[in-house]
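The values are calculated or read from the model by the stated rules, or taken from the named source; none is laboratory data. Bear in mind the structure is a predicted one, so any value in this text is a computation, not a measurement. A quick note on method: Cβ atoms are made from the backbone with ideal geometry, for glycine too, and the neighbour counts reach across all protein chains shown. Just the protein is used for accessible areas: all its heavy atoms, side chains included, with ligands, DNA and RNA removed. Shrake-Rupley method; radii C 1.70, N 1.55, O 1.52, S 1.80 Å.
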Amino acid sequence: MMINNVGVVGCGLMGAGIAEVCARAGMDVIVAESSPSLADIGRTRLEKSLIRAEERGKIDSATDVLDRIRVVSDLELLADRDLVVEAILEEEGAKIALFRQLDRIVTSPDAILASNTSSIPIMKIAVATARPSHVLGVHFFNPVPVLSLVELVPSLLTAADTTERARIFVEQTLGKHAIKCRDRSGFVVNALLIPFVLAAIRMVESGFATAADIDEGLVRGAAHPQGPLALADLIGLDTVKAVAESLYEEFKEPLYAPPPLLARMVDAGLLGRKTGRGFHTYV
């Protein structure tokens, strides 16, 4: 079964990015948010991103791409979708509850239900549905229109055909590069990246070096495009903390444990770029 239309649940940074790349690839896209006000915010986010893409010559017409996207506040409108990608907050209970709803709403028995989770084991989500063979992780990276990698994460119950259809869609339709990961918390990239970021946070916490010096050191001394703390700010410190907690719950390794400083910053609402302040300040 070909994927001819796409649904996305959530229109934050990740959901909007996923919707954008699907629409830019010619797909008919419906994005569902939890309220009309959040739908309006999501629509504005998409408009601004696509206008920037047009100005930079990445697309011919922002209007043409926007015409392929509907942002709604009614989850039931996803009933006819061939692929639905969940991109809500990184919270296991919320994702499980959503997949129970999608299992009821999405009518095609061949439809793929995908999670953009960055750390939660797919099996926990899949068994909340009556169709675990059609559930897998399809993990994009932020910013979605820029980064080419997508992690495909089948559970033990995901059908081989489901994974292959998702791979074809990611690579041939979206023009991205897919890697296949085992269903372990953090998958490939975050299982390697998060301990590195947490180590940088511990360096700040201990007074070993400033955030500015740590990031400057990795950029100038290791040829990283940005430092680990700037990267944490880009990801969102709440997301970093959630991924670390998921990794620690699964593996019980000390390197995955969120440092107290990270927890305090999240409690204070200092989440990085999206709030204007994290380890660095953004105007």
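Listed values for segment 109-117 are Karplus-derived 3J(HN,Hα) couplings in whole Hz (6.51 cos²θ - 1.76 cosθ + 1.60, θ = phi - 60°), namely x, 9, 5, 9, 10, 10, 10, 8, 3, and x replaces Gly and Pro. Within segment 42-159, antiparallel bridges make up roughly 40 percent of the DSSP beta bridges whose residues both belong there.
Restricting to the chain, what percent of DSSP beta bridges are antiparallel, rounded to 5? Of those bridges, close to 25 percent are antiparallel.
The residues neighbouring ALA209, those whose beta-carbon lies less than 10 Å from its own, together hold a net charge of -3 under the Lys/Arg +1, Asp/Glu -1 convention. Probing with 1.4 Å while keeping every protein chain in the model, the per residue accessible area of the chain equals 46 Å². Based on the alpha-carbon gyration tensor of segment 1-66 and its eigenvalue square roots a ≥ b ≥ c, which shape applies: rounded if a/c is under 1.5, prolate if not and a/b is larger than b/c, or oblate? Oblate, because a/c is 1.5 or more while a/b does not exceed b/c.
Count Lys and Arg as plus one, Asp and Glu as minus one, and take only other residues whose Cβ is under 15 Å from that of ALA16; the net charge is then +4. Shape class for segment 175-275: oblate, because the ratio a/c of the largest to smallest gyration tensor axis (alpha-carbon atoms, square roots of eigenvalues) is 1.5 or more and b/c is at least a/b. Per-atom-type breakdown for the chain gives carbon and sulfur 55% of the accessible area (1.4 Å probe, protein chains only).
Remark on ARG70: its backbone amide H falls under 5 Å from those of VAL29, ILE30, VAL31, a criterion applied only to residues 5 or more positions apart or on other chains, H modelled at 1.01 Å from N.
Per-residue ellipticity at 222 nm, computed for the chain from helices alone with -39500 (n - 2.57) per DSSP H run of at least four residues, works out to -13500 deg cm²/dmol.
Rounded, prolate or oblate: which fits segment 122-163 when a ≥ b ≥ c are the square roots of the eigenvalues of the alpha-carbon gyration tensor, with rounded for a/c under 1.5 and prolate only if a/b beats b/c? Judged from the Cα gyration tensor, segment 122-163 comes out prolate (a/c at least 1.5, a/b above b/c).
Could you work out how much longer the chain between SER148 and SER108 gets when fully extended? Use 0.36 nm per residue separation minus the Cα distance between them, nm to one decimal.
Gain on stretching SER148 to SER108: 11.5 nm.
Summary of packing: across the peptides 132-139, 204-211, the per-residue average of other C-beta atoms within 10 Å ranks them, highest first, as 132-139, 204-211. In the chain, a dipole from Cβ-located charges (positive for Lys and Arg, negative for Asp and Glu) runs towards its positive end, and of ALA94, ALA111, LEU198 it is LEU198 whose Cα lies farthest in that direction.
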